[in-house]
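These notes concern the structure reproduced below.
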Amino acid sequence: MDTLIIQTLNSIFYAAVLFLIAAGLSLIYGVMRIVNLAHGTFYALGAFVSAWAVGAVFGASSTGGLALIGQLLILPIGALAIAAVGAVIEPTLLRPLYGRPEEYILLVTFGLLMILDDVMKLVFGGTPLSAGSIMDGMGSIRIGGLLYPAYNLIVIAIGIISAVGLWAFIYRSRFGVILRATSQDRRMASALGINVGRIYVQAFAIGCFMAGLGGAVVVPAQAAVLGMGVDALILAFVVIVIGGLGSLEGALVGALIVSFVRTAGIQFFPEIELAVLYLIAAVVLLIRPTGLFGRA
Amino acid sequence: MSQISRSAPSIPMLLAIGIPIIIALGFLPRFIGLYQTELLIYGFTFAIAALGFNLLLGYTGLLSFGHSAYFGMGAYTVAFIVRDLHVQSMELCILGGVLASLVISAIFGYVCVRHTRIFFSILALALSQVLWSLAFKFFWITGGTDGIRVPRNRITLVGGLFDFTGSGAYQRFVYSYYYYVLVIFLIAVVIMWIIVHSPFGKALQAIRDNEVRAGFVGVPVQRFRWLAFVISGTFTGLAGALWVPLNGLTTPDILYWPFSGEIVFMTVLGGFRNFAGPIIGAISFNYLKVYAVAGSQYWQLVLGSVLVVLVMLMPTGIVGTLGRIARMLRRG
């Protein structure tokens, strides 16, 4: 019973991180019709920046309540940095290609993936970076007879807050209305006086922020390593294919499905754990091309 | 309209260009040495893969981000045949690799061609990653990340006429394998040329340009897309089969999706609206990658920058850009 609770918590923790990445990917696709292959790399970059910032400010061996709060406050720097990167990339590299076939944008983001992968290696070195002191500092809580890291519960809370916040932002704010109008009909939005160029930068930066946030919250629990972005991207793809490209609810449900299947897979069928996920994505795409929550 | 349909050179003209190139390629290993010869063989195998890939991208208008699956299928099948069936004949290995990639691309293609555009790309990618994860996880069959070794001395060419044991085996292997791959490469080029200039190839281009109209004039759109997919995957599988003995090892890396990205890269580098584009692109990409890897540990940075600059400034690739320069020179 205790194991079941812990495995469920693990799944939800994992779903929270996956949701942050996938929601950003989905938002960018929904508004701009761009499939960003560098999105997973943004997630990895966010993890590296946050871990580096925490280490640079506090050193490896700071303890105590005040230091812990300080570290937690520094953690989102990764997300902000990635948002800034996104705000630079969209107008310089992507905007010139909007008139051309969509293959070109896909290729530029693939080139970006390769570039950023090496930039990370260049800047942060090849060794894993971690902000484990946060995880250690927060201790663990007792669930039945087992211990569970308290930090994971914070990640779950951040996931839930982000989901609600993003929903309110898109469906209840003025900016959200403009965003949705732009995504439905770019020309009409432009004719009504909306500055589409600015909306695109903002949407892309928000999407990147989500990826960076995913990296920032995961890094106290798992060290940032080279190659984590490439793996994460494919799982985020699986999530938004299952949920529906461009759908926020879809990203949430997809993230939950993927993480519960994955947790069960690691427990019961470890050999085909990943294959099952890709097959689920393929089957969903076959039966409902727009995903569970997508609209055509 | 694209360049493909505008200019179909006549057969005498093709022979006039092709025969000197073939003769030059035949004598090349005498002048460039062992290492360069080896690099060129890699270039030829990738060229076959890119040629197959471009039947989908350039001629049918479908961007597959999952062609690593068919390359890997060809490679792993050869490795299994050599290791488990103890077959020595390379011809039988190739036959096995080609058949296996034909079967898997027929199955995957049947699923993928139900969609177009980005959905097609993602579906192809998702299915290719099924194979990758199986190769990665079933390590007692596939060797996991260690992969499977395919030792050179376990292989014979042309029905046992050439074997590679004893002294100087490596040199003999490279020089004879060069001609072996060159001949298969030329056959593949001729077959692909015939396919794209056949009525079937024209129908594919019609589907690419306007699938609704193509349907109206009686082209079975979905079935032709499927056929193009199968041919494309089989060519890429042939490339994987030829690649394995040269590399001596097959690992899950060639099934992982960034390798699919490299195949796309090769094709775009050469120019995908052009028959020769993927060939030039694959050979150039191979040199580019080898020298970038040798020159810097940040080779991905080099390759990524080349790709970004290419897409922004030279979207028609090497061949397309050279063609444009040639036309400008002729006019002015």
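Structure data summary
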| item | result |
| --- | --- |
| Residues within region A:66-116 that are free of Cβ contacts under 8 Å to residues at least 24 places away in the same chain and either more than 14 Å from every other protein chain (Cβ to nearest Cβ) or outside any helix (DSSP H, G or I) (or both), tallied | 8 |
| Residue check for residue B:56: within 14 Å of chain A (Cβ to nearest Cβ), of a type in the set (A, V, I, L, M) and in contact (Cβ under 8 Å) with a residue 12 or more places away in the chain | yes |
| Residue in region B:304-316 that is surrounded by fewer than 22 Cβ atoms within 10 Å (Cβ to Cβ) and away from every other protein chain (no Cβ under 12 Å) present | no |
| Out of B:119, B:108, B:173, B:136, sole residue that is under 20 Å from the mean Cα position of the chain (by Cα) and either under 30 Å from residue A:277 (Cα atoms) or assigned to a helix (DSSP H, G or I) (or both) | B:108 |
| Subset of region B:101-160 (residues that are facing chain A (nearest Cβ under 9 Å) and either basic (Lys, Arg) or touching a Ser or Thr at 6+ places or on another chain (Cβ under 6 Å) (or both)) | B:114, B:117, B:128, B:137 |
| Selection count, region A:125-151, where residues are among the hydrophobic types (A, V, I, L, M, F, W, C) and within 13 Å of chain B (Cβ to nearest Cβ) | 0 |
| Unmet criterion (only one of (1) aliphatic (A, V, I, L, M); (2) free of Cβ contacts under 8 Å to residues at least 40 places away in the same chain; (3) closer than 21 Å to residue B:48 by Cα) for residue B:189 | (2) |
| Region A:35-65, residues that are at pLDDT 80 or above and not in a helix (DSSP H, G or I) | A:35, A:36, A:37, A:38 |
| Helices (runs of 4 or more DSSP H) wholly inside region A:178-296 containing at least 3 residues that are within 11 Å of another protein chain (Cβ to nearest Cβ) | A:228-243, A:273-287 |
| Selection status of residue B:276, closer than 18 Å to residue B:43 by Cβ, crowded, with 24+ Cβ neighbours inside 10 Å, of a type in the set (Gly, Ala, Ser) and more than 14 Å from every other protein chain (Cβ to nearest Cβ) | no |
| Only one of B:172, B:114, B:149, B:154 that is closer than 23 Å to residue B:49 by Cβ, surrounded by fewer than 22 Cβ atoms within 10 Å (Cβ to Cβ) and of a type in the set (Lys, Arg) | B:149 |
| Flag if residue B:70 is more than 9 Å from residue B:237 (Cβ to Cβ) and either assigned to a helix (DSSP H, G or I) or free of Cβ contacts under 8 Å to residues at least 40 places away in the same chain (or both) | no |
| Filter pass, residue B:291 being touching a residue at least 12 places away in the same chain (Cβ under 8 Å) and away from chain A (no Cβ under 14 Å) | no |
| Residue check, residue A:74 modelled with pLDDT under 85, touching a helix residue (DSSP H, G or I) at 6+ places or on another chain (Cβ under 9 Å) and closer than 17 Å to residue A:211 by Cα | yes |
| Subset of region B:247-268 that is hydrophobic (A, V, I, L, M, F, W, C) and under 30 Å from residue B:170 (Cα atoms) - its residue that is farthest from the other protein chains (Cβ to nearest Cβ) | B:249 |
| Filter pass, residue B:271 being crowded, with 24+ Cβ neighbours inside 10 Å, out of contact with any Leu (no Cβ under 7 Å at 6 or more places or on another chain), modelled with pLDDT under 90 and within 14 Å of chain A (Cβ to nearest Cβ) | yes |
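Results for (1) touching a Leu at 6+ places or on another chain (Cβ under 6 Å); (2) modelled with pLDDT under 85, shown as yes or no for each residue.
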site: A:87; (1), (2): no, no
site: A:93; (1), (2): no, no
site: A:99; (1), (2): no, yes
site: A:111; (1), (2): yes, no
site: A:117; (1), (2): no, no
site: A:125; (1), (2): no, yes
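The values are calculated or read from the model by the stated rules, or taken from the named source; none is laboratory data. The structure displayed is predicted, hence computed values, not measured ones. So basically every Cβ, Gly included, is an ideal-geometry build from the backbone, and we count neighbours across all protein chains shown.
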